[in-house]
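All of the numbers you see were taken from the coordinates with simple rules; none came from a lab. Model, not experiment: these values are computed from the prediction. So basically every Cβ, Gly included, is an ideal-geometry build from the backbone, and we count neighbours across all protein chains shown.
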Amino acid sequence: MADERWRGLSEPWERLRWARSQRFETVKDGAVHVGMRPNTYSAYERRPDSSKHSQMDHQQAMHFANRFKVRWEWLLLGKGEPYEAKDEPPPTEPMVRALKVMRGVSPAQQEAIATAIEALARTRAGKR
């Protein structure tokens, strides 16, 4: 299930943080992906009242949206939804890693791993 916390985000910096977090766990990894130094990129994810905040403009929003696979109109202006209706959210980096691991094991092992992941996710969500 996709993370829908984006629905409550009213500021561009919040939406950027959410978009990056859907693909990259750390600011550093997201910064590398967009071609920036981590300190430069992190300024765009900071609150406007914090030190070293950088305001995102149209060109930057288009670049970040392209790299994080979201719509720039949503990222900058909050219009609509982050993804096109026909698009699926991109897999997160941990999902990609899990898929790579799964390719290297037998179908029986894949089933056991999938069952363990489901159990862990239910436990984390409090749905034992």
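Using r as the Cβ-Cβ distance of Glu11 and Thr92, and R0 as 30 Å, what FRET efficiency do you calculate, to the nearest 0.05? Numbers along the way, then the final one.
Numbers: r = 23 Å, r/R0 = 0.75.
The formula returns an efficiency of 0.85 here.
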Quick check on the exposure proxy: order Leu16, Leu120 from fewest to most C-beta atoms within 10 angstrom.
Leu120, Leu16
With Lys79 itself left out, Lys, Arg at +1 and Asp, Glu at -1 over residues whose Cβ is under 10 Å from its Cβ give -1
Can you give me the pair-distance distribution of the chain, C-alpha pairs, 10 Å bins, whole percents?
12, 36, 29, 18, 5, 0
Can you tell me the FRET efficiency between Met62 and Glu84 if r is taken as the Cβ-Cβ distance and R0 is 25 Å, rounded to the nearest 0.05?
0.95
Can you give the angle from 0 to 90° between the axis of helix 12-23 and the longest principal axis of the chain, with both taken from C-alpha atoms, to the nearest 10?
30
For the Asn39, Ala119 Cβ pair and Förster radius 41 Å, calculated FRET efficiency rounded to 0.05 is 0.55
Distance cut-off 22 Å, percentage of C-alpha pairs in the range 5-77 lying past it
9
